[in-house]
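Read through the structure below, which is laid out as structure tokens, and then see the notes.
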Amino acid sequence: MNNNFNNSVIDGHVDTVYQLPKDKRDFSIRSEIGHYDRYRMEVGNVQAALFAIYPASTQNRILKKLDLWFKFVSNPKNNLEQIKRFDDFDKVKSSGKRGAILHFEGAGGIDNNLRLLRISYHLGLRSLGLIWSGINNFASAAMFTGSQNKSGLTEKGRELVAEAQSLGITVDVSHLNDPSFWDVIEVTEKPLFATHSNARVIVDHPRNLTDDQIKVIHENRGTIGINFAMIFLNAIKPNMYDYNLGFDSIKNHIDHIVDVASINTVAIGSDFDGADMPTCVKDCSTYPQLWEYLLKNGYSKQDIEKISHANLLRVFKETWK
Ligand SMILES: [Zn+2]
């Protein structure tokens, strides 16, 4: 294995805080269940991840999950440190710990006065998805099945994007329906992050991005986190689970985004602990094998640095304060 280059990973979307209690597993103990623990982060060279509060759909849920999130990050056995400032990436790395970035998946629990948004910023919220499913006060989501909502951002949604960006919170466009996506494009003043979405040309799913969306994220200097969930990866059998999908299924989406936009538009947003993955990416310890595969199949070390962490760092640098 080639470990001579800096292939440390910043993972753009992880649901571990949601999944740990469901699995009754302990993050500080190496497990074969689920996708993330402190030891598998080390093997995979994951330096930091956006650990989502999911779903952040009501105020009560946000409070309950924040309590859980801070217990998770502050437990010394978990070897984590919260990242709030851009400088923290280096500090955490030199401390030997792994970074945890607070992300809300959905903003439905935020009040119309945006008080909870500002308070959450002070608690370290650095990335915000506007919605997970359905419709909330701010935006409409891409539906997994059935007909799609035609509504886009509300007036409050526009205010939410502006306030989040002026505070220094990265705005996440994954899970938005198409009208909401384009409304965000109209109002955004900062690079955007599609935390966990793939290319719709390859898998025709409303959670994946059209070529025009990929292009505009590139023009906006944003980036797209490649999602490893089987339903978003597999071109042959959409919505069917195929555990035997190989690294080529991930590479297909990377290739396409590079073709339509550029290598600067590709990041990682695994969706680990939030979805079923093919065996080749059975958990976060498999990242080095993915990099090795890409290295053997047309990608340079510099390309892999961009995909694994540098593109996302660029977006954080331009959106955080
Ligand atoms: Zn999601």
Q: Looking at (1) over 18 Å from S285 (Cβ atoms); (2) assigned to a helix (DSSP H, G or I), find the lone condition where L20 falls short.
A: (1)
Q) Do we have S120 as among the hydroxyl-bearing types (S, T, Y), within 20 Å of V14 (Cβ to Cβ) and more than 15 Å from the ligand (Cβ to nearest atom) here? A) yes
Q.
Among (1) buried (at least 19 other Cβ atoms within 10 Å of the Cβ); (2) modelled with pLDDT of 95 or more, there is one condition L233 misses while meeting the rest; what is its number?
A. (2)
(Q) Can you confirm whether V281 is modelled with pLDDT of 95 or more and more than 26 Å from D90 (Cβ to Cβ)? (A) yes
Q. Do you know which of the residues in region 11-64 that are of a type in the set (S, T, N, Q) and more than 16 Å from the ligand (Cβ to nearest atom) is surrounded by the most Cβ atoms within 10 Å (Cβ to Cβ)?
A. Q47
Q.
Among the listed residues L123, L50, L80, identify the single one that is over 22 Å from K190 (Cβ atoms) and of a type in the set (A, V, I, L, M, F, W, C).
A. L80
Q: Check L160 against each of (1) modelled with pLDDT under 95; (2) over 25 Å from D259 (Cα atoms); (3) buried (at least 20 other Cβ atoms within 10 Å of the Cβ) and name the one condition it does not meet.
A: (1)
**Q.** Enumeration of residues in region 103-123 that are in contact with a Ser or Thr (Cβ under 8 Å, 6 or more places away or on another chain) and closer than 17 Å to V17 by Cβ
**A.** H103, F104, G106, G109
Q | Unique match (being over 22 Å from G222 (Cβ atoms) and within 16 Å of the ligand (Cβ to nearest atom)) among G108, G96, G146 | A | G108
Q | Number of the condition not met by A194 [criteria: (1) surrounded by fewer than 16 Cβ atoms within 10 Å (Cβ to Cβ); (2) in contact with a helix residue (DSSP H, G or I) (Cβ under 7 Å, 6 or more places away or on another chain); (3) under 20 Å from E318 (Cα atoms)] | A | (1)
Q. If a residue has to be aromatic (F, W, Y) and part of a helix (DSSP H, G or I) to count, how many in region 285-321 make the cut?
A. 4
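The values are calculated or read from the model by the stated rules, or taken from the named source; none is laboratory data. These numbers come from a predicted model, not from an experiment. Heads up, the Cβs are rebuilt from the backbone with ideal geometry, glycines too, and the neighbour counts pull from every protein chain shown.
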